[in-house]
Each structure stands twice: as C-alpha cells, then as structure tokens.
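The values are calculated or read from the model by the stated rules, or taken from the named source; none is laboratory data. These numbers were taken from a predicted model, which means no experiment stands behind them. Note that each Cβ is placed from the backbone with ideal geometry, even for glycine, and that neighbours are counted across all protein chains shown. In case anyone asks, the SASA skips ligands and DNA or RNA and just uses the protein heavy atoms, side chains included. Shrake-Rupley method; radii C 1.70, N 1.55, O 1.52, S 1.80 Å.
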Amino acid sequence: MLNKVIIDGYKSIRHIDLELKPINILIGSNGVGKTNFISFFKLINIIYEQRLYNYTMQNNVERLFHYGLKQTKELKGYLEFSDNAYEVILQPRYNGSLFIAEESSYYRTNRYYISNLDESQIKDSTTFRDKWLREYLQSYKIYHFHDTSKSAPLRGYANINDNRLLRTDGSNLPSFLYMLQQKYPKTLKRIELIIRSVMPYFGNFTLAPSVLDKSQINLQWNDMESNGKYFDANDLSDGSIRFIALATLLLQPVLPKVIIVDEPELGLHPAAIVKLAGMIKSVAARGCQVIISTQSVNLINNFEADNIITVDRKDKQSSFNRLDSEKLKSWLNDYSLGDLWAKSVINGQPTLL
C-alpha cells in the first residue's frame with residue numbers, strides 16, 4: 001500500500017507531505033486542487049509507461065509547474081510503500097519537453113538512482129525492487145465515466161478481445177463484461193445483483209458478439225417487465241450507465257493495487273451513492289487502496305472521518321488535511337460529516353465572497 005506521498009512544485013501544489021490510508025476521499029470546492037492531486041498519479045503512470053517526452057510535447061509544461069517555470073525550477077514526487085519507495089525529479093529542456101533529472105528507487109535505507117534520463121528505467125529494470133514497484137506504478141490510472149453523451153465511448157461498440165483491463169473511460173465495458181460472463185460468471189451475477197438493487201427494472205446482461213461483425217460487441221440487457229425485449233446502452237440514463245461502469249470497476253475479480261476515481265458520484269441517485277460507498281469499502285477490505293475526489297455530501301456521510309482529506313486553497317497553494325475522528329468525536333455524536341462540512345466546522349468548503 002502507498003503509505004505516503006510527497007509532491008513539490010506540481011500545478012497548484014507547492015508542497016505536500018501526506019500520509020495515505022486504504023480509503024482516501026478528497027473533499028473540497030471547485031478549483032482548490034483535488035483534481036491536481038489526482039492527476040499527479042496520472043503523471044507518475046505516464047513517466048512509468050515511458051511516455052514523458054510525448055506527453056510534455058503535447059501539453060503546456062508551464063501549467064505542470066507551480067506558478068510556471070519562472071517560480072518553480074523542478075517538479076518532485078516521492079511515493080513511499082513501507083520498506084520501498086520511488087522518487088522522481090523532472091526538469092525542463094530548451095525545446096519545451098521535460099526530462100528526468102533523477103529517478104530513484106529505495107529499499108529501506110538503500111537508495112538506487114540514475115540521473116539525466118529521457119524516459120523512466122523502472123519498466124525495463126530486472127531488479128526485484130523495481131519489479132515490486134511496477135505493480136503499483138502501472139495501476140495509477142484515473143477512472144472517469146463522465147462522458148455519457150449518445151456518442152460517448154461508454155455507449156458504443158467495443159472490440160471483443162479488448163478485455164484485459166477495464167479502460168479508464170469505460171470504452172471497453174461490453175467486452176470486459178463479456179469476459180466476466182465467460183470466465184467469472186459468479187462475479188457477473190454479483191454485478192447484476194447490485195445494479196438491480198438501484199435499478200429495479202434491470203434484468204440481466206445479454207452479452208454476445210455482434211451478428212454483423214463477430215469482433216464487435218455492445219452492451220445489451222433486458223428489462224424485468226419487457227417480456228424478453230432487449231435494450232442497449234443508449235436506453236440507459238446517464239446515471240445508470242455510470243453506475244454500471246462503477247460496479248464493474250469495483251466488483252471485478254482481480255483488483256489492481258490502487259483504484260483512483262474522479263467524482264464517481266456524478267449523476268447518481270442518493271440510493272446509488274450508498275451502494276457506491278459500500279463497494280468502495282469492500283474494495284479496500286480486499287486489499288486495494290482507493291483514492292477518490294468528490295463534492296458529494298451523501299458520499300462522505302457513509303465514511304469515517306479518518307477516511308476524509310479536506311482540500312483548500314491557502315497562500316497560493318493547495319492545502320491538504322486529513323480529518324481526525326478523535327478531534328471531531330463530540331461533533332459526530334450529533335452531526336454527520338456532511339453536516340460538519342456544510343456548517344464549515346471542517347475545511348474543504350467553498351469560500352464565500
């Protein structure tokens with residue numbers, strides 16, 4: 001498990017030294033830095049996947065550094081996993097790209113580092129230490145099922161063989177569910193059951209390759225009251241298809257080391273948010289760390305104070321603070337966490353102008 005993250009000079013984060021737990025839920029108003037914290041893990045994954053040069057050539061490097069390159073000369077990240085750790089320092093080149101000034105892996109007090117790299121060496125390393133780190137760095141993907149328009153990848157056809165991992169935008173949801181149907185039917189039944197608990201009209205999935213093109217598959221399902229009529233993803237509401245994608249992500253049989261989701265509550269009914277909270281707790285109990293950003297009072301009401309990290313903007317930087325159950329004990333006897341957030345007893349609320 002990732003025990004600690006230290007970030008220096010990244011976007012709105014001038015400096016952060018934050019301990020992480022199995023469940024980490026970031027709350028705060030718009031623009032305070034929740035998404036920046038989440039996106040840092042995407043950057044780490046890009047570095048690990050050896051795509052740093054292409055990424056920085058396609059994106060404005062100025063925006064990656066805290067208040068730009070005139071104020072911040074380098075970007076640092078440090079991830080600590082008990083006895084192991086990973087550290088990277090990025091600096092700019094004259095052509096606008098970034099290079100790795102230093103990349104280090106640690107085991108206890110021993111540090112192993114390489115300087116002046118175009119791309120990360122962790123992915124290709126054969127050392128046991130770096131192989132261990134790979135399991136984490138490769139799982140730092142941010143899931144967001146926000147795009148539910150009629151032309152969204154989440155609603156379209158998928159290649160039936162694209163099923164090794166659920167994609168971060170849910171674009172291979174039909175093929176991933178079809179794989180579960182073939183290899184993990186009990187898991188698929190559990191997913192159907194929890195979907196039915198918030199969508200009583202939902203019967204079950206009817207997944208099969210397209211008649212016209214056997215390499216393609218779409219999301220088909222039947223209605224409990226339709227007398228055998230089949231429907232597809234375009235017949236689902238925005239909240240319904242998002243919940244299906246979330247249930248698939250959180251109930252999958254083989255979990256990644258970490259699941260990171262940006263605002264999973266978007267468009268969900270309060271009853272669905274309660275089910276979502278239960279699935280998050282279940283994921284953590286299965287040994288998968290969870291990092292989530294949210295603005296949902298209903299969602300945080302389902303968690304303990306120690307699971308919550310408030311995010312504020314102070315002194316031109318993002319400020320992160322984990323709540324303490326003991327300090328809030330007297331308040332929590334009479335109020336929910338959502339109440340305390342709304343009443344400004346805890347941080348992370350909008351600043352009134």
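The Cα atoms of region 247-353 define a convex hull whose projected area, averaged across directions, is 8.2 nm². Sort region 19-134 into rounded, prolate or oblate with this rule: let a ≥ b ≥ c be the square roots of the eigenvalues of the Cα gyration tensor; rounded if a/c is under 1.5, and if a/c is not under 1.5, prolate when a/b is larger than b/c, oblate otherwise. Oblate. Against the chain, whose longest principal axis is taken from its Cα atoms, helix 173-183 shows a tilt of about 70°. For region 136-238, a/c is less than 1.5, where a ≥ b ≥ c are the root eigenvalues of the C-alpha gyration tensor. That puts it in the rounded class. Note on region 1-70: Cα Rg divided by 2.2 N^0.38 Å, N the number of residues, gives 1.18. Computed over the alpha-carbon pairs of the chain, the distance histogram in 10 Å steps reads 5, 22, 29, 25, 15, 3, 0 percent, short to long. Once the Kirkwood radius over Cα pairs is known for region 198-296, the Stokes-Einstein relation at 37 °C and 0.692 mPa s delivers a diffusion coefficient of 217 µm²/s. Highest average first, the peptides 172-181, 326-335 ordered by how many other beta carbon atoms sit within 10 Å of their residues are 172-181, 326-335. Structural size metrics of region 121-168, computed from C-alpha coordinates, are Rg and Dmax of 15.8, 47 Å.
Of Lys257/Lys329; Lys70/Lys141; Lys42/Lys131; Lys4/Lys76, which pairs sit farther than 24 Å apart, going by alpha carbon to alpha carbon?
Those over the limit are Lys257/Lys329; Lys70/Lys141.
Note on region 75-191: percent of Cα-Cα distances in each 5 Å bin, starting at 0 and stopping at the bin with the largest distance, equals 2, 10, 14, 14, 12, 11, 13, 13, 8, 3, 0.
Rounded to the nearest 10 degrees, the angle from helix 128-137 to the longest Cα principal axis of the chain is 60 degrees. Determine the distance separating the Cα centre of region 67-119 from the Cα centre of region 190-241; give it in Å without decimals. For region 67-119 versus region 190-241, the Cα centre distance is 46 Å. Here is the list for region 166-240: trypsin sites (Lys or Arg not before Pro) lying in DSSP coil, each with at most 11 other C-beta atoms within 10 angstrom of its C-beta, are Lys214, Lys229.
For a quick protection proxy, order the peptides 144-153, 276-285 by their average other-Cβ count within 10 Å, most packed first.
Working: 144-153: 15.5, 276-285: 18.2.
Top of the packing list down: 276-285, 144-153.
Working out 0.36 nm times the residue gap between Val211 and Tyr335, then minus their Cα-Cα distance, what length gain in nm do you get to one decimal? Don't jump to the answer; show the numbers that get you there.
Numbers: separation 124, 0.36 × 124 = 44.64 nm, distance 5.56 nm.
Net length gain for the segment: 39.1 nm.
Computed from the Cβ-Cβ distance with R0 of 41 Å, the FRET efficiency linking Glu102 to Ser325 stands at 0.60. Which angle between 0 and 90 degrees, to the nearest 10, do you get for helix 238-251 versus the longest principal axis of the chain when only C-alpha atoms count? Rounded to the nearest ten degrees, it is 70. With the largest listed first and rounded to whole Å, the semi-axes of the equivalent ellipsoid of region 286-328 from the Cα gyration tensor are 20, 14, 12. Per-residue surface analysis assigns Asp118 an accessible area of about 90 Å², computed on protein heavy atoms at 1.4 Å probe radius.
How about Lys123: which aspartates and glutamates have a C-alpha closer than 15 Å to its C-alpha, ignoring those fewer than 8 places off in the same chain? Correct list for Lys123: Glu49, Glu87, Glu103, Glu135.
Add +1 for every Lys or Arg and -1 for every Asp or Glu among the other residues with Cβ under 9 Å from the Cβ of Met1, and state the total. Computed value for this residue: +2.
Report the FRET efficiency, 1/(1 + (r/R0)^6), for Gln317 and Arg51, where r is their Cβ-Cβ distance and R0 is 25 Å, rounded to 0.05. Given R0 = 25 Å and the Cβ-Cβ separation, E is 0.35.
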